[in-house]
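Following: one structure in structure tokens, then a few remarks.
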Amino acid sequence: MTSPDEISLTVDAACQLLRQSNCLNQASSHQGSDQPPSSIDRASLQRALQVVAAASDYQILGICAGSQAEAMRALNSYATALGYGQGDWTPVERAVMDGAVYIKFNPNTGLCYADAYTGNYRGVLVSCQSAEATDVNEMFGHLPLDLFEP
């Protein structure tokens, strides 16, 4: 199996791959699933996200998960994979929520916010932010919650 580091992608190709993985562009059967479309392998999706992250200044994460614990696992794995480290990303409210949640993480502030989520989608939204218009300024997702978990 090819490791994510061995997959060479241009920024444009990485953006295209991530656009194809967008569950909003997939059949309705992908709704509620945290698995990537079967036509895109996990290593390619990981590498594509790392390429676009390197071509942007920072990334804001939005996580839609079935539980707060699941959302926090996804946050930690994505933050680590994108170079933000393994921090104490405890939501500002610090309250434990039952049921589905939406967590927003902004690495510029180091804060994350959690709220109850009534939607059906599950996954991670990655909003690439750049000061330069020629760099990546685009949102991708919903990507699999467990994309960067072993």
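Descriptive notes on the structure:
- In this simple spin-label model, placing a label point 7 Å from the Cα along the Cα-to-Cβ direction at both Asp146 and Asn106 gives a separation of 3.2 nm.
- Sorted largest first by accessible area at a 1.4 angstrom probe radius, with every protein chain in place, the residues Ser8, Ser21 fall in the order Ser8, Ser21.
- Distance between the modelled labels on Ala133 and Arg42, one decimal in nanometres: 4.0 nm (7 Å Cα→Cβ projection).
- Taking amide H atoms as placed 1.01 Å from N in the peptide plane, the amide H of Ser130 lies under 5 Å from those of Asp57, each 5 or more residues away in sequence or on another chain.
- Just the protein heavy atoms count here, and of the accessible area of the range 59-150 at 1.4 Å, carbon and sulfur take up 51 percent.
The values are calculated or read from the model by the stated rules, or taken from the named source; none is laboratory data. Because the structure is a prediction, the values reported are computed rather than measured. For neighbour counting, all protein chains shown are included, and Cβ atoms are generated from backbone atoms with ideal geometry for every residue, glycine included. Areas reflect the complete protein model, heavy atoms only, side chains present, ligands, DNA and RNA absent. Shrake-Rupley method; radii C 1.70, N 1.55, O 1.52, S 1.80 Å.
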